[in-house]
Amino acid sequence: ARRGDTLQKTSEKVMPSSRLKTTAAVWGGVGLAAVTIRALKRWRNRKREERIAAQGGRLPDCPTVVHALAKRAELTPNDIALVACDGAQYTWQQYDAESSAFARSLLELGEKQ
């Protein structure tokens, strides 16, 4: 051991305390860096999803298609959602209302049986 270093026994190996401290500091820094990078990526992804949603794309925080449809109808109720083969156009609000009515009809059918 070098002069000034105290020795610490770690699992059958002897390591100078200064080297042990340096190793711990490096690994601690790596852990902190990894946590920071993950947080920055989550923040960046969140901002990207919000931007895409504002442009009419994917919606953040929508676990199902039903939630996404309701959210889109809330955000852009008068934008065109569907164009049928015969040229009929449906807004997001109309699409949400029609699909909700259809779902209620299915539930009523299930209750009667």
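The values are calculated or read from the model by the stated rules, or taken from the named source; none is laboratory data. Everything quoted here is computed from the prediction, not taken from an experiment. As a convention, Cβ positions derive from the backbone with ideal geometry for all residues, glycine included, and neighbour counts pool all protein chains shown. The area values use the complete protein model at the heavy-atom level, side chains included, leaving out ligands, DNA and RNA. Shrake-Rupley method; radii C 1.70, N 1.55, O 1.52, S 1.80 Å.
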query = Mind checking whether some residue in the range 12-28 is modelled with pLDDT under 75, surrounded by 10 or more Cβ atoms within 10 Å (Cβ to Cβ) and touching a helix residue (DSSP H, G or I) at 6+ places or on another chain (Cβ under 9 Å)?
reply = yes
key: Selection count, the range 100-113, where residues are of a type outside the set (S, T, N, Q) and either open to solvent by less than 80 Å² (accessible area, probe 1.4 Å) or in a strand (DSSP E or B) (or both)   = 3
Pairs with Cβ under 7 Å, 6+ apart, first in the range 91-109 and closer than 17 Å to ALA68 by Cα and among the basic types (Lys, Arg), second open to solvent by 50 Å² or more (accessible area, probe 1.4 Å) and in a helix (DSSP H, G or I) = none
query = Out of all the residues in the range 80-113, which are under 26 Å from the mean Cα position of the chain (by Cα) and under 20 Å from ARG51 (Cα atoms)?
reply = ALA81, TRP92
query = Which is closer than 30 Å to LYS47 by Cα, in a strand (DSSP E or B) and either out of contact with any strand residue (DSSP E or B) (no Cβ under 7 Å at 6 or more places or on another chain) or of a type in the set (A, V, I, L, M) (or both), of ALA81, ALA97, ALA70?
reply = ALA81
Conditions (1) modelled with pLDDT of 65 or more; (2) assigned to a helix (DSSP H, G or I): number failed by CYS62 = (2)
